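The values are calculated or read from the model by the stated rules, or taken from the named source; none is laboratory data. Since we're looking at a predicted model, the values are computed, not measured. Glycine gets a Cβ as well: all are built from the backbone with ideal geometry, and neighbour counts include every protein chain shown.
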Amino acid sequence: METDGIMSGEEKSYSSMSLKDVWKVYQSFGRTVVALKGINFEVPKGKLTCLVGPSGSGKTVIINMMAGYETPDGGQVLMDGKPVGGPGPERIVVYQETALLPWKTLMENTTFGPLMQKKISKKEAIKRAQALIDKSGLTGFEKKFPYQLSGGMQRRSELIRALINDPKVLLMDEPLRGLDAMTRQIMQDYVIKLYEETKTTMLFITSDIDEAIYLADTVYFLTQSPGFIKDKMEITLPRPRTSDVLITKEYNEFLAKAIDIVMAEKEFI
């Protein structure tokens, strides 16, 4: 069964991912630099997990290893308990920088993945893409090129271009960074809506504590380089989740606890 072009959570097959004692080391100007030090965390199946960390803590390195673009120097990156051996279509990454093809329209960008992989017919791809475009509030922009879209529209376009491929895990590396405050709030609500409708397994990386508490089921805290997991917080705010939760006592209690965790780490900035 599908819901407006998106595979329903009840019917779709999802995956979990985990890092087990993962190390990453680089050589820089003759020096050995430890980027990640014994990282352990889990991204449960069908949950939205956030990883919070400052610049230079190795967040993008973690995303790249989970996507299969880089390999750990120690430990294991696992998907459904099996080692990740390289990139695969079941794991899709949305990065900070736009990856929309500038010479293609919104519709062409959205249908590009499934058509290249020859998963479905062009007619079916357009049908699914239109459903996602409509759900994203982008109706009427199908023939627009990326430069004709606002920053928030481009981010929504990135997300629907990923979701049309029905990934088992969606990896997001600070996808809302650089947006103005109002657009960022709108996009946070949009991410929550997509997650709650699809129940796709998601890892959302951010340096914004407020954002992590608002979005996540679980938040992990990563320290400054060499990065390691300092703490973990289970977020029990109810779902469906809306911006009304931001003024509740419960949200602010989670936020206060998160700030204490961050402030206790002198190098965590």
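The table below gives the values:
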| quantity | calculated |
| --- | --- |
| Residue within the range 202-209 that is among the aromatic types (F, W, Y) and within 22 Å of N109 (Cα to Cα) present | no |
| So V93, is it under 30 Å from Q148 (Cβ atoms), in contact (Cβ under 8 Å) with a residue 12 or more places away in the chain and crowded, with 21+ Cβ neighbours inside 10 Å | yes |
| Test: P87 is part of a loop (DSSP other than H, G, I, E, B), touching a Phe, Trp or Tyr at 6+ places or on another chain (Cβ under 7 Å) and free of Cβ contacts under 8 Å to residues at least 40 places away in the same chain | yes |
| Candidates T248, T183, T201, filtered to the one that is closer than 23 Å to F112 by Cα and among the β-branched types (V, I, T) | T201 |
| Filtered residue count, the range 56-80, keeping only those that are part of a loop (DSSP other than H, G, I, E, B) and in contact (Cβ under 8 Å) with a residue 12 or more places away in the chain | 9 |
| Selection count where residues are out of contact with any Phe, Trp or Tyr (no Cβ under 9 Å at 6 or more places or on another chain) and either closer than 12 Å to D173 by Cα or not acidic (D, E) (or both), scope the range 63-79 | 11 |
| Filtered residues of the range 95-121 (kept if of a type in the set (S, T, Y) and part of a loop (DSSP other than H, G, I, E, B)) | Y95, T98, T105, S121 |
| Residue pairs meeting the criteria (Cβ under 8 Å; at least 6 apart or on separate chains; first within 12 Å of M233 (Cα to Cα), in the range 246-269; second modelled with pLDDT of 80 or more and among the charged types (D, E, K, R)) | L255/D210; I261/K230; I261/D231 |
| Listing of helices (runs of 4 or more DSSP H) fully contained in the range 125-222 that carry 2 or more residues being over 23 Å from F41 (Cα atoms) and free of Cβ contacts under 8 Å to residues at least 24 places away in the same chain | 181-198 |
| Of the criteria (1) part of a loop (DSSP other than H, G, I, E, B); (2) in contact (Cβ under 8 Å) with a residue 24 or more places away in the chain; (3) farther than 21 Å from V22 by Cα; (4) of a type in the set (S, T, Y), which one S225 fails | (3) |
